Amino acid sequence: MAGFLGMSTKFVECTLGIKYRTENPDGSVSGGPMYYLRKGFSECGMEGFGKFMGTFYAIGIFIGALGIGNMFQSNQAYVQLNNITNGLFDSLGWLVGIAMAAVVFAVIVGGIKSIARVTEKIVPFMAIFYCFFALIIIFMNGSAIPEAISNIFSVVH
């Protein structure tokens, strides 16, 4: 159920992003929540509120991008790397972080085309690995599948 809610939310977000995006004179496109909040509320006669919400979102996402989400993700990558190497990287989290930052920096500095080149090669493997390991986990826990399906449709009191 959470998956369906997440997918429908993402669908609405993408639809609004496309509907209210801005095409720049150089042919590039700008869009996202800060744009559709501002433009969408403006169409409803709430231009000031839309401008506030778009600005609030942009500031919030900027603060989040400074480290909240990225620090957690890089820390989890370090923890997993350290676990699978039996502690080879103990107290070297800073080194793993610098290496990851360098790779990301190299990709981002190359611009959108560089990002596209890297992701077009990585994403298919990510999808295959995800599906493969998800199936392994499902098969390893096959005996729990009937109970899991039953729990979806049962009412908890």
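The values are calculated or read from the model by the stated rules, or taken from the named source; none is laboratory data. Fair warning: this is a prediction, and the values are worked out from it, not measured in the lab. Ideal geometry is used to build each Cβ from the backbone, glycine not excepted, and the neighbour counts take in all protein chains shown.
Here residue 122 qualifies as under 17 Å from the mean Cα position of the chain (by Cα), over 30 Å from residue 37 (Cβ atoms), among the aliphatic types (A, V, I, L, M) and modelled with pLDDT of 90 or more.
So, in region 93-108, how many residues would count as being closer than 13 Å to residue 79 by Cα and surrounded by 15 or more Cβ atoms within 10 Å (Cβ to Cβ)? Step through it out loud before you land on a result.
Kept after step one, since they are closer than 13 Å to residue 79 by Cα, are these residues of region 93-108: 93-97.
If we keep only those that are surrounded by 15 or more Cβ atoms within 10 Å (Cβ to Cβ) as well, we get 93, 96-97.
Summing the residues that are closer than 13 Å to residue 79 by Cα and surrounded by 15 or more Cβ atoms within 10 Å (Cβ to Cβ) in region 93-108 gives 3.
Exactly one residue out of 78, 57 is farther than 23 Å from residue 21 by Cα and not polar (S, T, N, Q): that is 78. Residues that are of a type in the set (A, V, I, L, M) and assigned to a strand (DSSP E or B) within region 1-39 comprise just one, 29. Going by the structure shown, is residue 116 more than 17 Å from the chain's Cα centre (by Cα), assigned to a helix (DSSP H, G or I) and of a type in the set (A, V, I, L, M)? For residue 116, the condition - more than 17 Å from the chain's Cα centre (by Cα), assigned to a helix (DSSP H, G or I) and of a type in the set (A, V, I, L, M) - is not met.
The condition of being under 29 Å from residue 16 (Cβ atoms) and either assigned to a helix (DSSP H, G or I) or among the aliphatic types (A, V, I, L, M) (or both) does not hold for residue 152.
Restricting attention to region 42-78, the residues that are in a helix (DSSP H, G or I), surrounded by 13 or more Cβ atoms within 10 Å (Cβ to Cβ) and hydrophobic (A, V, I, L, M, F, W, C) total 6. For residue 89, only one of the following conditions fails: (1) assigned to a helix (DSSP H, G or I); (2) surrounded by 10 or more Cβ atoms within 10 Å (Cβ to Cβ). What is its number? Here residue 89 meets the rest and fails (1).
State all residues of region 14-41 that are of a type outside the set (A, V, I, L, M, F, W, C) and surrounded by 13 or more Cβ atoms within 10 Å (Cβ to Cβ); if no residue qualifies, say none. Steps first, please.
Within region 14-41, the first condition is being of a type outside the set (A, V, I, L, M, F, W, C), and the residues that meet it are 15, 17, 19-28, 30-33, 35-36, 38-40.
Result: 17, 20, 21, 31, 32, 33, 35, 36, 38, 39, 40.
Filtering region 107-157 to residues that are over 30 Å from residue 28 (Cβ atoms) and of a type in the set (Val, Ile, Thr) leaves 128, 136, 137, 138, 145, 149, 152, 155, 156. Of the candidates 96, 103, the single residue that is closer than 30 Å to residue 27 by Cβ and part of a helix (DSSP H, G or I) is 103.
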